[in-house]
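Every number in this text was worked out from the coordinates using simple rules, so none of it is lab data. This structure is a prediction, so every number in the text was calculated from the model and none was measured. So basically every Cβ, Gly included, is an ideal-geometry build from the backbone, and we count neighbours across all protein chains shown.
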Amino acid sequence: MTEILNMLQVLAILMGVNILLGTYDNVKLEKDEFDIKKLLTGIVKAGIIGVSALGLSYCTGIIDLSSIGVTPELIVGAANIAYAGKALTNLAKCLGIDFESLKR
């Protein structure tokens, strides 16, 4: 359980980083006006994903789906990977990296 709580802390940090980088990208680079509604929507979405990951982790720990490979660590780890990917994409945008030009 301690490992899951540590992983959830990482998830919270990744969510925060993603929200900050997304806000920076929209306001500074895309020249959009700061939209508090959009920011709050992002925070609510992140909260929903975090609570869902926690709930699913708890339930899979109780039900014990490890025989089919589903563990609480897998669920929170998948959420971490998804948010790390989102944060890296936003960071790349902020740094001006265009992934489309890298494709061949």
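A few notes on this one:
Results for (1) under 12 Å from the mean Cα position of the chain (by Cα); (2) of a type outside the set (Phe, Trp, Tyr); (3) over 14 Å from residue 80 (Cα atoms); (4) not in a loop (DSSP other than H, G, I, E, B), shown as yes or no for each residue.
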site	(1), (2), (3), (4)
15	yes, yes, no, yes
25	no, yes, yes, yes
28	no, yes, yes, yes
39	no, yes, yes, yes
43	yes, yes, yes, yes
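- Screening the candidates 42, 69, 85 for the property of being small (Gly, Ala, Ser), loosely packed, with under 12 Cβ neighbours inside 10 Å and farther than 18 Å from residue 5 by Cβ yields one hit, 69.
- Boolean, residue 97 is out of contact with any Lys or Arg (no Cβ under 9 Å at 6 or more places or on another chain) and assigned to a helix (DSSP H, G or I): no
- Inter-residue pairs, beta-carbon under 6 Å, first more than 19 Å from residue 8 (Cβ to Cβ) and in region 55-70, second among the aliphatic types (A, V, I, L, M), 6+ apart: none
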